[in-house]
Amino acid sequence: MGISKTVRDFGSLTRESEGVRGRPRIVSPVRTPTPVAEPRLEPAVPEREGDVSLDALVREWLLELKVMGRSPRTIDWYAQKMRSYLAASKATRLSELTAFELKRFLGELRDRGLAPNTIHGFFETLKALASWAQREHYPVDADLLRLRAPKVPEKEMETYSTRN
């Protein structure tokens, strides 16, 4: 297998002298992040009156976040949470994403023993999606928008002082 010219040139720069023998250094290329939003640029289209696929809505929302300049790590975090939700939930349409459905899902996460911060992250992600959908004039369950966040215990930080 050949080494690219760039890697070969970089390897020669790292050698101490031309007389040094041994295996040439191979530099791994920088991993580029995988695109979060699919290349489809169509907006989420209602199939029934006012109802839209959650999958299409999530793609549109993630694209909006990218356009608004959110960091790739933030978008990846939201995408991971939404993939997990869509895989675990029976909700496939926006009309099925209700306050009851979100409570059911969060209760399921708690029953699985997930950390309170993880559960809170799922809540914030789904609530952010719902708030964005409402701003975009998609029909969103009003009770879902009024739902309060689950409590996250505060951890007391240990402080150090110079006094004994």
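The values are calculated or read from the model by the stated rules, or taken from the named source; none is laboratory data. For clarity, every value in this text was computed on a predicted model and none was experimentally measured. In this analysis, Cβ positions are derived from the backbone assuming ideal geometry, glycine residues included, and neighbour counts consider all displayed protein chains.
Contact annotation: residue pairs with Cβ atoms under 9 Å, 6 or more positions apart or on different chains, pairing a residue in the range 111-137 that is within 20 Å of Lys151 (Cα to Cα) and without any contact (Cβ under 8 Å) to a residue 24 or more places away in the chain with a partner that is surrounded by 15 or more Cβ atoms within 10 Å (Cβ to Cβ) and not aliphatic (A, V, I, L, M), are Leu114/Phe122. Taking the criterion of being under 17 Å from Leu57 (Cβ atoms) and not in a helix (DSSP H, G or I), the residues of the range 105-164 that qualify are Glu136, His137, Tyr138, Pro139, Val140, Asp141. For the range 85-92, the condition of being farther than 20 Å from Trp132 by Cβ, crowded, with 18+ Cβ neighbours inside 10 Å, out of contact with any Asp or Glu (no Cβ under 7 Å at 6 or more places or on another chain) and at pLDDT 90 or above holds for none of the residues.
The one condition from (1) in contact with a helix residue (DSSP H, G or I) (Cβ under 6 Å, 6 or more places away or on another chain); (2) buried (at least 18 other Cβ atoms within 10 Å of the Cβ); (3) farther than 28 Å from Glu154 by Cα that Ile119 does not meet is (3).
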